[in-house]
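For reference, the structure is listed below as structure tokens.
Please treat every number below as a calculation from the coordinates, not as lab data. Predicted, not measured: the structure shown is a model, and the values here were computed from it. With ideal geometry, Cβ positions are generated from the backbone for all residues, glycine too; neighbour counts draw on all protein chains shown.
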Amino acid sequence: MMTRDVAVFGSGVFGAWTALWLRRSGASVALLDPHGPGNSRSSSGGESRIIRMGYGPDEIYTLWSMRSLGHWKELAAQTGQRLFEQTGVLWMALEGDEYAAHTKRLLEKHGVELETLAAAELAARYPQITCPPGSWGLFEPGSGALMARRAVQAVAAEGARLGVEQLGEAAARPDGAGLLREVVTTSGTRISAGVFVFACGPWLPGLFPDLLGRRIHPTRQEVMFFGPRAGDRRFAPGRFPVCLDLTDPRKPYCFPELDGRGYKIAIDAHGPLFDPDSADRTLTPQGIADVRAYLAARYPDLRNAPLLESRVCQYENTSSGNFLIDRHPDFNNVWLVGGGSGHGFKHGPALGEHVAALISGQAGVEQRFSLASKAESRAREVF
Ligand SMILES: Cc1cc2nc3c(=O)[nH]c(=O)nc-3n(C[C@H](O)[C@H](O)[C@H](O)COP(=O)(O)OP(=O)(O)OC[C@H]3O[C@@H](n4cnc5c(N)ncnc54)[C@H](O)[C@@H]3O)c2cc1C
């Protein structure tokens, strides 16, 4: 039976970056996932994820985004892969929007490049968008989109290159208390390690039902790609940024056409509860109708655009939207890492670095990431 320093279960963006940082620090690491990095069931699968520095009043996430963007760019340069598209990120907000005001204040405080667009400037720069009267914009020119699946696979491949052992196995629920010596996988393999990290995204509530069954709620989220007319380049990167719409309470967001897949649009408001193993991943007629109505109002030129592709994915929400990064209360050497809550992808590098520091004793548990701060009710505070 071979023992390594750390076994990380789950090679989504959280687990893959955690394994990479641990390996970089000299630890022997195994990364286990039955479906592989960036698989279609995982929350990290799919084409693209927004990386933005703005987080309203939640400074820690602004700082982690800033730190993570540097690491994503470094990995892209090192691997020669296109992992980040600097499309810019445009926030649209109504007058008096406190979240946008906090975002502006914190980005200025931290020296993030930012443009404030008054209503007339917003309309003149982006005639493709019909904003509600009185809307204004904040533009982060240095931010953009991460190519999600490709990026997670690149992180895992970099780990493998440095010696992270990768296994296609699923952890079964660990038993006992105190010091966990091994985890048996669902195929019966015994995985021994000094420390275990469970970074199983929306599967965490199923693995630890007593502890997390009511603290992490996976929800159904629909994503659609629409096709602008042939030759219409107004929704292409360079002409059109990633957009986050705070003028609509459902907080829809859009991506320019990346990799020729069409104009991507989704609604951030939580859908119904969702089982990542068995739930149906086809769009609902209501979901399509909601998005088409929004397109007609905000991007009227795309009103009748054909639906080219779609995905149904899940958010894995904590009560507040703050991540869960804490020790399992029953085991001294087991860490729970998840609760990305619809905004975790971009933070993979900073999160993995933090988990590696927790394991080596160089960092302590952040209060807002603690298990104790996770309620069973749902009251989203972080977006
Ligand atoms: C539609 C959508 C849009 C989003 N948009 C954004 C965005 O724009 N920006 C942003 O920053 N974030 C965004 N997010 C959130 C972000 O993608 C997630 O927070 C993040 O990917 C979570 O990563 P994870 O590694 O925790 O989980 P996952 O990616 O789900 O990874 C968990 C892994 O664990 C594996 N696993 C499951 N059970 C076991 C087991 N028993 N043993 C071993 N492995 C196991 C799974 O196969 C999976 O690969 C979005 C999410 C969705 C769904």
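Grab the Cα-Cα distance for ARG261 and ARG82, subtract it from 0.36 nm times how many residues apart they are, and report the gain in nm with one decimal.
Fully extending the segment from ARG261 to ARG82 adds 62.9 nm.
Test of understanding: ordering ILE359, ILE325 by Cβ neighbours within 10 Å, fewest first, what list do you get?
The fewest-first ordering by Cβ neighbours comes to ILE359, ILE325.
Which whole-angstrom value gives the distance between the alpha carbon centres of the range 294-352 and the range 211-241?
That distance is 12 Å.
I need the phi-derived Karplus couplings for the range 132-147: 6.51 cos²θ - 1.76 cosθ + 1.60, θ = phi - 60°, integer Hz, Gly and Pro marked x.
Along the range 132-147, the couplings run x, x, x, 6, 10, x, 10, 10, 9, x, x, 9, x, 10, 9, 7 Hz.
With a point put 7 Å past each Cα toward its Cβ, work out how far GLU74 is from ALA124 in nm, to one decimal.
Each label point is offset 7 Å from its Cα along the Cβ direction, giving 4.1 nm.
Taking 0.36 nm per residue of separation and subtracting the Cα-Cα distance, what length does fully extending ARG378 through ARG303 add?
Working it through step by step, the gained length comes to 23.6 nm.
Per DSSP H run of at least 4 residues, take -39500 (n - 2.57); add these up for the chain, divide by its residues and hand me the 222 nm value, nearest 500 deg cm²/dmol.
Counting only the DSSP helices, I get -8000 deg cm²/dmol.
Kirkwood hydrodynamic radius for the chain: how many Å is it when counted over pairs of different Cα atoms?
So the Kirkwood estimate lands at 21.3 Å.
Quick one: if the Förster radius is 45 Å, what FRET efficiency do ARG233 and GLN362 give, using the C-beta to C-beta distance and rounding to 0.05?
It comes out at approximately 0.40.
I need the peptides 11-22, 175-186 ranked by packing, meaning the mean over residues of other C-beta atoms within 10 angstrom, with the highest value on top.
The densest-packed peptide leads the list: 11-22, 175-186.
To make sure I understand, if each residue's beta carbon is the centre and we count other beta carbons within 10 Å, what order do ILE60, ILE265 fall in, fewest to most?
Ordered by Cβ neighbours within 10 Å, fewest first: ILE60, ILE265.
Using a/c under 1.5 as the rounded threshold, could you call the range 1-110 rounded, prolate or oblate? The axes a ≥ b ≥ c are square roots of the C-alpha gyration tensor eigenvalues, and prolate needs a/b larger than b/c, oblate otherwise.
Cα axes put the range 1-110 in the prolate bin.
For ARG250 and SER370, compute 0.36 nm times the residue count separating them, minus their Cα-Cα distance, and round to one decimal in nm.
40.4 nm
Using the Cβ atoms and a cut-off under 14 Å, what net charge is assigned to the surroundings of GLY38, where Lys and Arg are +1 and Asp and Glu are -1?
Residues near GLY38 contribute +2 overall.
Rounded to the nearest 5, what is the percent of antiparallel bridges among the DSSP beta bridges in the chain?
65 percent
In what sequence do LYS346, LYS104, LYS73, LYS374 fall when counting other Cβ within 10 Å, fewest first?
With the sparsest Cβ surroundings first, the list reads LYS73, LYS104, LYS374, LYS346.
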